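> Input: one structure, supplied below.
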Amino acid sequence: MAAQKTIELFQKIALRSLAPIPKISISEWADTYRMLPLGSAVPGHWRTANVPYQKDVMDCLTDSRLHIVALMWAAQGGKSEIINNTIGRFAHLDPCPIMMIQPTLTDAEDYSKRRIAPMLEETPVLRNLFGDPKSRKTQNTILSKFFPGGSLNIAGANSPSGLASKPIRFLMADETDRYPDSAGTEGDPIEIAKKRTTTYWNWFLLLTSTPVNKGASRIEDEYKAGTQEEWQHKCPNCGEYHLISHDQMHCESETFIDSKKEKHVTVKAVAWHCPDCGFAFTEQQMKRAPQKYVAQNPDAVRAGRRSFHVNAFSYPWVSWETIMSEWLEAEGDPDKEKVVYNTRFGLPYERRGKITSEKEFLNRREDYGAELPDGVLLLTMAVDTQDTRLEYEIKGWGLGEECWGIQKGVILGTPDDKRVWEELDKIIDRRFYFKSGVSLKIRRTFIDSGGHYTDEVYKYARANVWRQVFAIKGSNVSDAALIHKYTFLKDKGVYLVHIGVDSGKEHVMNRLTMKDPGPKYMHFALDAQDNGSTDEILQELLLLSKQKKKNSSELVNKFGYVVRRRGYDDAYFRALISEAKLPHKVKGRIVYQWEVVATDKRNEALDLTVYNLACMSSLAPDWESLEKALKEDVVAAPPPKKTAKKYGVIKRRE
Ligand SMILES: [Zn+2]
C-alpha cells in the first residue's frame, strides 16, 4: 500500500514538473509517510500544518541552490523532527550518505535510540528500508545504519574518529553551541566533517542549535551569515508583521519571595502590544494571526545560505504565561536570565551588567561588625597551591547562595614542607564567630592539585577526607559543568573532584555584576583584622621568584608563617576581575577563551572564588535546615561549651 502511495505521489509530481528526479519536498514526504510514535505529543500521521514555521525550513532543504541552512531556535521547537524527516525523505527517495553530529558520543547514542529508532519502527516505508532492527543479520548499529544506496552515520563532536569517515552528501550538525572548540586535538568538528562533503556538487549542511553566549555562539555566526528569516506574526489591527518579543509583553502578575529568598512570579494575564500601532492582543489572537518568515538579509540566498529564527512565543505547546513567569523570575539574575534567553527567546545571551573597574568593588565593601556577618549559614575554603606558598580564601554562604568573603591569606613555604600543611590544619580546625557568640567551622575544603605539588595535595586530602578535604582538578572539557565529575584514584587512594573552571568563571562574573544584596550577591569585607598585607607579601614573593630564590625564610621572619588579610583591597579586586573571555583564532575558527587581562597576570583571586563556589555547590546545601539549626543555636548562645544538635551538614560545638 505504501508502494502504491509512492507511485501515486511520483505521478502527481511528474505531472507538475518534467524533472527526472522526483522533487518531493521534505514536508510533502513527511505528510505522506511519516508516522509519529505513541509516546509523542501528537501520535499518528505527521501533519506539517500543525507547526507551520517548520514547513519553509523543510522545503528549503531540497533546494539545489542552497548549501547551508542554519536554525537558531528556542529549545523544543521541533528541530529534531526536521532532522528526522530529512533523514527519512533522503533515505527513502534520494538515498545518499548522511551524517548527523551531536555534541558528544553519548548524545549521539541517545539520539539514535530515542529519536531515530522509534521513527524507523513507526514509519512503514523506512522500516522496510533499514531492515528489521531486531534481526541479527543486519549490519546496522546504533551509530551506523545502512539503507539501499546510502547510509546514516551519527557522530559525537567530541570524537574525531567518528567525524572523519567516508564521503558525506548531507551533513546535519545538531546543538552546535554545545560542541567543543576542537574534536580531540583535530580541530573544529564541523570543519572536519565538512571536508567529507567535497566530492558532492549537491552537498548540504544543516546546522541547528539553541544559542548560548553572545559573541561566542556558533549558531549565531551561521544565522548572521544567512538570510536571517524571523518568524513574524501579523498585527490584527495595523497589518504589520512582527517577531513577538518579551519586551512587547504587558503582564498582570504577582510576585512573592519565599523563605529561601527565591523569587516566584505568577503571571495572570499577558498581552502583546504592537510596536507599530500600540493595540494590545491576546496569545490566542496572535497565534491565530497570519504568520510568515521575514528575511532581514535576503541577499544571502545568492551565497547559497538561508537561516531561520523562531522563539517560543510562536510554539503551539508553550503558553505566554509560562514564558513570561520564567522571565520575570529570572530578571536580575544573569544565570537565570541566560537560560530564558537561550531556551525560550532563542537568542544568545549577553550579560547586561558590566564590570567597569575594581573601584566599584572597593566602594561596595562592608563592615560586617563581627567575624561572621548575620546571614552566613555555611563556610567553605578554597586553597591554591603555588611553589612558594598556599593561598586560601574562606567564603560564607547564605540563603539563595548569597556569599560573603570572610578571610583570605597566604601560608608561606613550599608545599613539600610539613609545616605548611600544619598551618592549614589550624585554619580548618578553628571556629569563626558571629556577634551572638555562635560559631561555625569550615564545612568543606577544596585544594587545587594542579602545579608541581600534586602528590603533596593528594597526601593531605587522603589523610583529611574525614574533615571534608578534597583534591580538585580543572577539567579540560570546554563546556564542563561547575562540578564536572568525581573520580577515585585507586593508586593514590584519593577522591578527585573535576571542576568546570570556565563555567565557574562565567558564574562568578555573572554574580559580580549583580548590584543588589540578595541571592547570589557577593559581599566583601571592609575591616582589616589582619597581620599584614597579602599584597605586600606577594610582591616580595614575586621578587624572590624573579631572583630564582625559593627560600622564603626572610619573609617568614618578617611576616610570620601565615599572613591573613580580611579586608579586601584593590589588588584583590584587580585579580578577581583579571580575566575576560577574548576571541582567538583556533584552527581557522574564532573561539572565545578566558584569558588574564590584568597587567600583573595574577588571577588567584578568581580561581579561589571559582573553587569556593564549586565547593559550596558540591555540598548541595539545604539552606532552610541550616538556617533553622543556626537560629536554635542563637537562642542557646552565648554559653560556649554546650552539646549542640547536629543538623544538616554543619557540626557545631562538639
Ligand atoms: Zn499594529
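The values are calculated or read from the model by the stated rules, or taken from the named source; none is laboratory data. Model, not experiment: these values are computed from the prediction. Glycine gets a Cβ as well: all are built from the backbone with ideal geometry, and neighbour counts include every protein chain shown. Please note that ligands, DNA and RNA were not included when accessible areas were found on the heavy atoms of the full protein model with its side chains. Shrake-Rupley method; radii C 1.70, N 1.55, O 1.52, S 1.80 Å.
> Counting only residues that are part of a loop (DSSP other than H, G, I, E, B) and either aliphatic (A, V, I, L, M) or within 10 Å of the ligand (Cβ to nearest atom) (or both), how many does the stretch 273-289 have?
The qualifying residues number 7.
> Looking only at residues in the stretch 94-123 that are assigned to a helix (DSSP H, G or I) and farther than 24 Å from residue 43 by Cβ, which one is most open to solvent (accessible area, probe 1.4 Å)?
Here the answer is 106.
> Return a yes/no flag: does the stretch 453-471 have any residue that is at pLDDT below 90 and charged (D, E, K, R).
Taking every residue of the stretch 453-471 in turn, none turns out to be at pLDDT below 90 and charged (D, E, K, R).
> Same structure, new question: Does residue 261 satisfy being open to solvent by 70 Å² or more (accessible area, probe 1.4 Å), more than 16 Å from the ligand (Cβ to nearest atom) and in contact with a Leu (Cβ under 7 Å, 6 or more places away or on another chain)?
Criteria met by residue 261.
> Also, quick follow-up: Within the stretch 408-467, track down each residue that is charged (D, E, K, R) and either outside any helix (DSSP H, G or I) or in contact with a His (Cβ under 8 Å, 6 or more places away or on another chain) (or both).
408, 416, 417, 430, 431, 435, 441, 443, 444, 448
> Name every residue in the stretch 456-476 that is buried (at least 20 other Cβ atoms within 10 Å of the Cβ) and of a type in the set (Phe, Trp, Tyr), in order of residue number.
458, 460, 470
> Consider the stretch 224-244. How many of its residues are open to solvent by less than 30 Å² (accessible area, probe 1.4 Å), within 16 Å of the ligand (Cβ to nearest atom) and under 20 Å from residue 349 (Cα atoms)?
1
> State yes or no: is residue 444 modelled with pLDDT under 95, touching a helix residue (DSSP H, G or I) at 6+ places or on another chain (Cβ under 7 Å) and either more than 16 Å from residue 618 (Cβ to Cβ) or among the charged types (D, E, K, R) (or both)?
In short, no.
> Moving to a separate point now. Considering each residue of the stretch 275-292, count those that are more than 21 Å from residue 53 (Cα to Cα) and open to solvent by less than 80 Å² (accessible area, probe 1.4 Å), and give that number.
Within the stretch 275-292, residues that are more than 21 Å from residue 53 (Cα to Cα) and open to solvent by less than 80 Å² (accessible area, probe 1.4 Å) number 4.
> What number of residues within the stretch 310-337 satisfy the criterion of being outside any helix (DSSP H, G or I) and either hydroxyl-bearing (Ser, Thr, Tyr) or more than 22 Å from residue 285 (Cβ to Cβ) (or both)?
Number satisfying all stated conditions: 5.
> Among (1) in contact with a strand residue (DSSP E or B) (Cβ under 6 Å, 6 or more places away or on another chain); (2) more than 24 Å from residue 572 (Cβ to Cβ), which single condition is residue 464 missing?
(1)
> Please verify whether the stretch 204-223 includes one or more residues that are at pLDDT below 85, under 29 Å from residue 53 (Cβ atoms), basic (Lys, Arg) and open to solvent by 10 Å² or more (accessible area, probe 1.4 Å).
Looking through the stretch 204-223, at least one residue is at pLDDT below 85, under 29 Å from residue 53 (Cβ atoms), basic (Lys, Arg) and open to solvent by 10 Å² or more (accessible area, probe 1.4 Å).
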